[in-house]
Amino acid sequence: MTLSDRLGLSDSQERRAVRLLQLALVGLVGYGLVSMRFAIAATGGFALAITLLPAALRREYGYSMDVGLVLWITVAMILHTVGSIWLYAWFQWYDEITHTVSATIIAGIGYASFRAFELHSDDIDVPPAFRAVFIVVFVLAAGVVWEVLEFALGGVVTVYGIDDIVTDFVFNAVGAVIMAVWGTGYVGGLVGFFRRRLRSDAEG
């Protein structure tokens, strides 16, 4: 089952939703530039670039990502961008939601990569339980990298302190567990894409 099937929306509805959210990101970038709030413009531009990656993969490699997954990525980006403007400072629970949603995406990418390597190599064969552990560890490691970047970009990204970092890690773990338990079936297409790229690189 794909994520589109689970969402219960048609492909055209999901594509329209993606376009509307991308337009909202463009608007935030424009607002940041006009108001000279360049942190907003930078955050919105980065988020917009992430949402355009599926289109780049389709153009460069002929891989059409499930539209529901594209929508999920775009929702995560818009949630993070809006949060970085004001909602993170107002509502602690909003930060928790965005970290959980973002963590499911990072977990999906990590799982798809690992599973593709496993299927590609006859020397790698791990039990499902280990895959679940890998997903959680991968997300927590990505969280460490992100926190380091936040400190390095202190003038662009607001750092709220140690308590916030601990909370971020807790909800990163929650998102990872959600993906490990219920979400791996939704990234089967991404697994196939990574596996084809590995095979192509090996043959090349």
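Treating each Cα of the chain as one equal point scatterer and applying the Debye formula with no solvent, the log10 of I(q)/I(0) at q = 0.09, 0.12, 0.15 Å⁻¹ comes out as -0.38, -0.67, -1.03.
One chain, two ends: Leu52 and Arg131. Fully extended at 0.36 nm per residue, the span grows by 25.6 nm beyond their Cα-Cα distance. Treating only the Cα positions of segment 1-43 as identical point scatterers, give the base-10 log of I(q)/I(0) from the Debye formula at each q in 0.16 Å⁻¹. These q points yield log10 I(q)/I(0) values of -0.54. Largest first, the extents of the alpha carbon coordinates of segment 1-90 on the three principal axes equal 42, 31, 17 Å.
By the Stokes-Einstein formula, at 1.002 mPa s and 20 °C, segment 92-204 with its Kirkwood radius over alpha-carbon pairs has D equal to 142 µm²/s. Report the calculated FRET efficiency for Trp93 and Ser10 (r = Cβ-Cβ distance, R0 = 41 Å), to the nearest 0.05. After rounding, the FRET efficiency stands at 0.85. Normalised by residue count, segment 82-153 yields a Cα convex hull volume of 104 Å³ per residue. In summary, the helical segments of the chain meeting the span-like criteria, namely a full DSSP H run, a Cα extent along the axis of 30 angstrom or more and a mean Kyte-Doolittle hydropathy of at least 1.6, are 128-152. Taking every C-alpha pair closer than 8 Å and separated by at least 6 residues, the mean separation divided by the residue count of segment 1-90 gives a relative contact order of 37 percent.
Every number here is computed from the coordinates shown, using simple stated rules; none is lab data. Fair warning: this is a prediction, and the values are worked out from it, not measured in the lab. With ideal geometry, Cβ positions are generated from the backbone for all residues, glycine too; neighbour counts draw on all protein chains shown.
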